[in-house]
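**Student:** To start, I am sharing the structure in question, which I have written as C-alpha cells.
Since every read-out is calculated from the coordinates, none of them should be taken as a lab result. Given the structure is predicted, the values throughout are model-derived calculations rather than measurements. Glycine gets a Cβ as well: all are built from the backbone with ideal geometry, and neighbour counts include every protein chain shown.
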Amino acid sequence: MLCDVCQKTDATVYLTQIVEGKMQKVNLCENCAKEKGVSDPTGFAMADLLLGLGATQQIERGQPSQKCPVCGFTQADFKKTGRLGCSACYDTFADGLANLLKGMHKGLKHTGKMPAKLSRRYAMADRVKSLEGDLKKAVKDEKYEDAARLRDEIQKLEHELQA
C-alpha cells in the first residue's frame, strides 16, 4: 500500500480515526511519518495528515498572514502542531475552522451534557416562565377563564418542580 502523502513509497505507519461513526485511515511511509511528527505524539498534526480530506485547505482559506492577536499563533503553527494556541484562535481562524470542525464534530456550538432529570427540570422551569407570560397577557386581555387554566397549570408545574 502506497503512502497517502507522497504516493511513492510503501506505507509502514497506519493511522485510523473514527469521526461521527465513520472510519478514516491515513497510511504513511516512514519519511512522511517523521516529517509529519507522527513519531512524537505531542507534535502529531492530524490536520496536516488529512490533506486528502481537505482539512488544511479549509484553514488556508483565511488570510495567509493571519495571526492571533492574543497568543501570536499563525496558520502555519496550527498546521505544524494540529492545535490552536488559545481560545481567541477560534475567533481569529473562524473562517477556515468552521468547515473543519463541522466535519469532525456534531456541530459548531458546544452544548455539553446534563443529567436527564436536570434537563427535565430546566424544561419545566422554562415552561413555567412561558406560562406566566401567557397568564399576564390573558389577564390584560380580560380572558379570565384562560387565566385560571394557566394559573392551575403553573401551580401544577411548580409543585412538580419542588418535589
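**Student:** Determine the relative contact order of segment 116-163: mean sequence separation of Cα pairs under 8 Å and six or more apart, normalised by residue count, in whole percent.
**Tutor:** Reported as a whole number, the value is 42 percent.
**Student:** OK, next. Say R0 is 45 Å: what FRET efficiency, to the nearest 0.05, do Ser130 and Val13 get from their beta-carbon distance? Walk me through the numbers before you get to the answer.
**Tutor:** Working: r = 56 Å, r/R0 = 1.24.
Plugging the Cβ-Cβ distance into 1/(1 + (r/R0)^6) gives 0.20.
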